[in-house]
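**Student:** First the structure, which I've put down as structure tokens, then a few questions once you've had a look.
Where a number appears in this text, it was derived from the coordinates with a stated rule and is not lab data. Only a predicted model underlies this, so the values are computations on that prediction, with no experimental measurement involved. Please note: Cβ atoms are built from the backbone with ideal geometry, for glycine as well, and neighbour counts cover all protein chains shown.
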Ligand code: NAD
């Protein structure tokens, strides 16, 4: 099928490449000229395992193309995906500027019936707004063309996006149009062989499904962080508690790791947007509000511990940081706990020496050159001349470190682990003062 994808970010680019890989003719459109030029030259602007060869192979076969020409994009499409960003607005609501801009563009250039599929995460009711925008635009051109606006939320995980798109758990389709359902069944048939993964529902339910999924996952994390704080005060070990509750299949082991708070481009903004939606219909979403509050506090936990360790005197301290990305296997630093920590350390007068396997370029782009941030080529280099270490992202490269060397390099031999990477007695054996989340500090 002829597919156009508007937006070549984490979602659009992966979706486009995966659809091209099964034989669809995909044209990706982005307003960012530098990005499109890079993609045409075979450079992938984001880090996502497996994406580079997928894009290169399909581009070479002519099945995956990139353009900034929106008119060409609209005319190419039988199915047109919206995968543009929906960042948080100032009041926490989802900013639909990019989604509605694409809707206007579609109306301007459409010349035949079209299936418009929204993959961006958008509040309930957005499909109706997109449809109204397209209808108005067509009316202004004196046209009446058939089109559908379908909600098809995306559930991929950054860091495993290609695999998630190639083997989705479920494909949620929100539509009441039999024709649109047929088109999407055909489009997704190559991903739907093992069992029927298509869950067809009304548009509003599909839109809400995405928010409910992210809010549930965020809730699990905030719940565990609350238990971790309790465990600390009560002299219990949250890791033992985690195993103890995870063994109940009704709870399960997934997504119940305590830590330095959730981040990334989705959970924080989606929880906020859902809170905003609830308020807009006169509901007080007390659970969601608590989830968000717990996370905001949790993102500051490492800083508070470091500050307490230095009795509030952080001026001139050098803190090493392992991990900048909001989670492993991505370079995404949107709303990352590392940023909350670094920014708090800078305000307190400390400087940071950071290492991340892939996100250092992103850190440079976000913060530029500044005297209180040094980006270091290796985990151990980040410790040279540092007083203490904070671990923020659970990259594999940090899992089995050279504790003896760490104890030599760190002036104060203090390690603040926001991801509980080691059994506490292990670093302690090398003379390191090891503080983690929800576990007793070894004597
Ligand atoms: P992103 O910021 O990485 O990419 C968005 C892209 O859209 C950018 O390249 C931007 O230049 C482009 N764009 C903006 N306006 C445009 C326009 N008018 N025409 C063409 N391109 C335009 O965003 P993302 O992380 O890919 O997320 C996209 C959407 O998918 C969001 O709604 C997000 O909530 C949702 N989502 C993201 C993930 C994730 O893990 N990143 C997972 C599921 C859903």
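**Student:** If you restrict to DSSP beta bridges whose two residues both lie in region 55-206, what percentage is antiparallel, to the nearest 5?
**Tutor:** Roughly 15 percent of the beta bridges in region 55-206 run antiparallel, per DSSP.
**Student:** When a footprinting reagent is the concern and you count Cβ atoms within 10 Å, what order do 305, 399, 97 take, fewest first?
**Tutor:** Fewest-to-most Cβ neighbours within 10 Å comes out as 399, 97, 305.
**Student:** Based on the Cβ-Cβ distance from residue 31 to residue 144, what FRET efficiency comes out when R0 is 22 Å, to the nearest 0.05?
**Tutor:** Numbers: r = 28 Å, r/R0 = 1.28.
After rounding, the FRET efficiency stands at 0.20.
**Student:** Grab the beta carbon distance between residue 182 and residue 236, set R0 = 41 Å, and tell me the FRET efficiency rounded to 0.05.
**Tutor:** 0.15
**Student:** Something else now. Between residue 205 and residue 163, what is the label-to-label distance in nm when each label sits 7 Å out along the Cα-to-Cβ direction?
**Tutor:** Rounded to a tenth, the inter-label distance reads 3.1 nm.
**Student:** By how many nm would the segment from residue 90 to residue 412 grow when fully extended, if each residue of separation counts as 0.36 nm and the alpha-carbon distance is taken off?
**Tutor:** On the way: separation 322, 0.36 × 322 = 115.92 nm, distance 4.08 nm.
Length difference between fully extended and current span is 111.8 nm.
**Student:** Give me the three principal axis extents of region 211-296 from the C-alpha atoms, as integers in angstrom, largest value leading.
**Tutor:** 41, 27, 23
**Student:** Now, a different point. In region 299-435, what % of DSSP beta bridges are antiparallel (nearest 5)?
**Tutor:** 5
**Student:** Grab the beta carbon distance between residue 195 and residue 287, set R0 = 35 Å, and tell me the FRET efficiency rounded to 0.05.
**Tutor:** It comes to 0.60.
**Student:** For all pairs of alpha-carbon atoms in region 2-201, what percent lies in each bin of width 5 Å, listed from the first bin to the last filled one?
**Tutor:** Bin by bin from 0 Å, the calculated values are 1, 8, 17, 21, 22, 17, 10, 4, 1, 0.
**Student:** Let me ask another. Looking at the chain, I'd like the Rg to Rh ratio, where Rg is from alpha-carbon atoms and Rh is Kirkwood's inverse mean 1/r.
**Tutor:** Across the chain, the Cα-based Rg/Rh ratio is 1.01.
**Student:** Still on this structure, I have one more. Fewest to most neighbouring Cβ within 10 Å: what's the order for 230, 324, 54? Show your work: numbers first, answer last.
**Tutor:** Numbers: 230 13, 324 29, 54 22.
With the sparsest Cβ surroundings first, the list reads 230, 54, 324.
**Student:** Can I ask one more? Nearest 5 is fine: what % of DSSP beta bridges in the chain come out antiparallel, could you say? Please report the intermediate quantities before stating the final value.
**Tutor:** On the way: 3 of 48 bridges.
If we restrict to bridges inside the chain, about 5 percent are antiparallel.
**Student:** Using square roots of five times the C-alpha gyration tensor eigenvalues, list the equivalent-ellipsoid semi-axes of region 276-403 in whole Å, biggest first.
**Tutor:** Those come to 29, 18, 14 Å.
**Student:** Another question, if that's okay. Report Rg(Cα)/(2.2 N^0.38 Å) for region 1-82, keeping two decimals.
**Tutor:** Dividing the Cα radius of gyration by 2.2 N^0.38 Å gives 0.94.
**Student:** If each residue's Cβ is checked for other Cβ atoms within 10 Å, how do 412, 21 rank with the fewest at the top?
**Tutor:** With the sparsest Cβ surroundings first, the list reads 412, 21.
**Student:** Related question: Can you check what the Kirkwood hydrodynamic radius comes to for region 52-100, Cα pairs only, in Å to one decimal?
**Tutor:** Taking the inverse mean of 1/r over all distinct Cα pairs, region 52-100 comes out at 13.4 Å.
**Student:** Let me ask another. Rounded to two decimals, what ratio of Rg to Rh does region 82-163 give with C-alpha atoms and a Kirkwood Rh?
**Tutor:** Numbers: Rg = 13.9 Å, Rh = 13.6 Å.
On the Cα set of region 82-163, Rg over Rh gives 1.02.
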